[in-house]
Amino acid sequence: HTILLLNGPNLNLLGTREPEIYGHNTLADVEQLCRETAASLGFELRAVQSNHEGVLIDAIHEARTTAAGIVMNPGAFTHTSVALADAISGVQLPTIEVHISNVHQREAFRHHSFISPVASSIIVGAGVNGYKLAVQQLAHLLGR
Ligand code: DQA
């Protein structure tokens, strides 16, 4: 039983990128938090971060046969990518969409998500703890 944790563009900069918005935890901290949460619920975690849309799409396709579900922060691709949304629809895996910040408190262009209509659940504005909540929710949907 594997959970795929997918982080999109610029999330490799977590911890140093706009810390007043995204906090001081690094991507490594996030991956560790998710790995521990997943392990406590009986899942393994595979973590992928990419700044490239196609790499994220390939990772989603690969998950079709290698993972039980996906936790994804698509970064700015949230607001632009029909292709990522189609990939999620295409693989039919339960997917939890996570945003560290409360996107609805921010610029209008962050209020629309192409991913939300295909996500099983959405966690927004809970900071890095949102990733933990997302793993727990995914495990819940998967019957744990
Ligand atoms: C984000 C919100 C997006 O609008 C932004 O482009 C990001 C991060 C978040 O986690 O709050 O890169 O997905």
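A simple spin-label model places pseudo-atoms 7 Å from Cα toward Cβ; at residue 39 and residue 83 they are separated by 3.5 nm. Around residue 48, with a cut-off of 11 angstrom between Cβ atoms, what is the net charge of the other residues, counting Lys and Arg +1 and Asp and Glu -1? Result for the neighbourhood of residue 48: -2. Spin-label pair residue 24-residue 106: with each label point 7 Å from Cα along the Cα-Cβ axis, the two points sit 2.1 nm from one another. Quick one: Cα centre-to-centre distance for region 109-144 and region 19-38, in angstrom? Between the Cα centres of region 109-144 and region 19-38 lies a distance of 15 Å. Rounded to the nearest Hz, the phi-derived 3J(HN,Hα) couplings of region 27-35 under the Karplus curve 6.51 cos²θ - 1.76 cosθ + 1.60 (θ = phi - 60°) are 4, 4, 4, 4, 5, 5, 4, 5, 4, where x marks glycine and proline. The modelled label-to-label distance between residue 120 and residue 10, using points 7 Å beyond Cα along the C-beta direction, is 2.9 nm.
Less than 5 angstrom separates the built amide H of residue 123 from those of 97, 98, 99, all sequence-distant by 5 or more or on a different chain. Summing +1 for each Lys or Arg and -1 for each Asp or Glu, what net charge is found among the other residues whose Cβ lies under 10 Å from the Cβ of residue 5? Neighbourhood net charge equals +1.
Normalising the average separation of contacting C-alpha pairs (under 8 angstrom, six or more residues apart) by the number of residues puts the relative contact order of the chain at 28 percent.
Find out how many positive minus negative residues lie around residue 21, taking Lys and Arg as positive, Asp and Glu as negative, among other residues whose Cβ is under 15 Å from that of residue 21.
For residues surrounding residue 21, the net value is 0.
Laboratory data are not the source of any read-out in this text; all were calculated from the coordinates shown. Everything numeric in this text was worked out from a predicted model, so none of it was measured. All Cβ positions, even for glycine, are placed from backbone atoms using ideal geometry, and neighbour counts span all protein chains on display.
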